[in-house]
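Have a look at the structure below before the remarks.
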Amino acid sequence: MPHLIERAATGRAKCRGCGTAIAKDTWRIGEAVPNLFADGEGAESRHWYHPRCAAYRRPEALLQALDGSDITLDGHDALVEAARQGVTHQRLPRVHQAGRASSGRASCRQCRTAIVKDGWRISLLFWEDGRYSPAGFLHPGCVAAYVGTSDVIERLRFFTPDLTDADATVIGEALAAGVTTSAPAPETPPAAE
Ligand SMILES: [Zn+2]
Ligand SMILES: [Zn+2]
């Protein structure tokens with residue numbers, strides 16, 4: 001069963017990329033996935049995505065669904081380019097949100113040093129058993145080394161809607177510079193929680 005693109009017949013399906021409903025009559029990407037709960041070999045079901053969420057999260061499915069179709073999506077060329085980037089850089093679809101560290105306890109998956117409290121961090125998701133699960137953090141400056149590209153600000157803004165323009169500028173500079181935005185962690189007692 002190939003991946004497909006179609007107009008949503010109802011507004012009931014939820015997007016696995018962002019968790020919100022896919023509006024009736026808008027384009028949706030249906031990724032064919034093995035059905036782990038069905039009896040018999042080769043059983044498959046579909047996971048649904050908004051086109052932009054698919055470009056960021058399931059780039060192969062988007063590209064395959066569009067291949068040979070004459071469908072033109074909103075922002076078509078940018079979506080295709082984002083998906084191609086995600087195929088080229090296999091870790092890119094893991095990039096999720098930008099936020100400030102709520103504690104100084106997490107360390108960066110790339111450099112293995114601590115991400116200081118209130119410092120910017122980029123959260124990651126791992127694809128496993130047909131879904132994405134939280135899988136740690138990176139310093140903004142470590143994204144390029146981990147992912148293979150630092151061109152992630154558009155997807156960060158998409159998955160972090162409350163990020164301000166000023167925040168995005170600071171994060172964008174740190175991504176490009178390849179350095180962490182945080183000063184070394186001050187000596188503080190462990191949080192009492
Ligand atoms: Zn979505
Ligand atoms: Zn790091």
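The values are calculated or read from the model by the stated rules, or taken from the named source; none is laboratory data. Please read all numbers here as calculations on a predicted model, not as lab measurements. Methodologically, a virtual Cβ is constructed for each residue, glycine included, from the backbone with ideal geometry; neighbour enumeration extends over all protein chains shown.
Residues G86, G19: which one is closer than 22 Å to P134 by Cα, within 16 Å of ligand 1 (Cβ to nearest atom) and free of Cβ contacts under 8 Å to residues at least 12 places away in the same chain? Of G86, G19, the one residue that is closer than 22 Å to P134 by Cα, within 16 Å of ligand 1 (Cβ to nearest atom) and free of Cβ contacts under 8 Å to residues at least 12 places away in the same chain is G19.
Checked against (1) more than 16 Å from the chain's Cα centre (by Cα); (2) farther than 25 Å from L163 by Cβ; (3) in a helix (DSSP H, G or I), E60 passes all but a single condition, namely (1). Note on region 97-156: residues that are more than 16 Å from ligand 2 (Cβ to nearest atom) and assigned to a strand (DSSP E or B) amount to 9. Could you please tell me which pairs satisfy a Cβ distance under 6 Å, a separation of 6+ or placement on different chains, a first residue in region 105-117 that is assigned by TED's automatic domain parsing to the domain that holds F137 and in contact (Cβ under 8 Å) with a residue 12 or more places away in the chain, and a second residue that is more than 8 Å from ligand 2 (Cβ to nearest atom) and of a type in the set (K, R)? Correct list of pairs: I115/R121. In summary, R46 fulfils each of the numbered conditions (1) part of a strand (DSSP E or B); (2) away from ligand 1 (no atom under 16 Å from the Cβ); (3) basic (K, R); (4) farther than 21 Å from E173 by Cβ with the single exception of condition (2).
Every listed requirement among (1) touching a Phe, Trp or Tyr at 6+ places or on another chain (Cβ under 6 Å); (2) of a type outside the set (D, E); (3) in a helix (DSSP H, G or I) is met by Q85 save one, (1).
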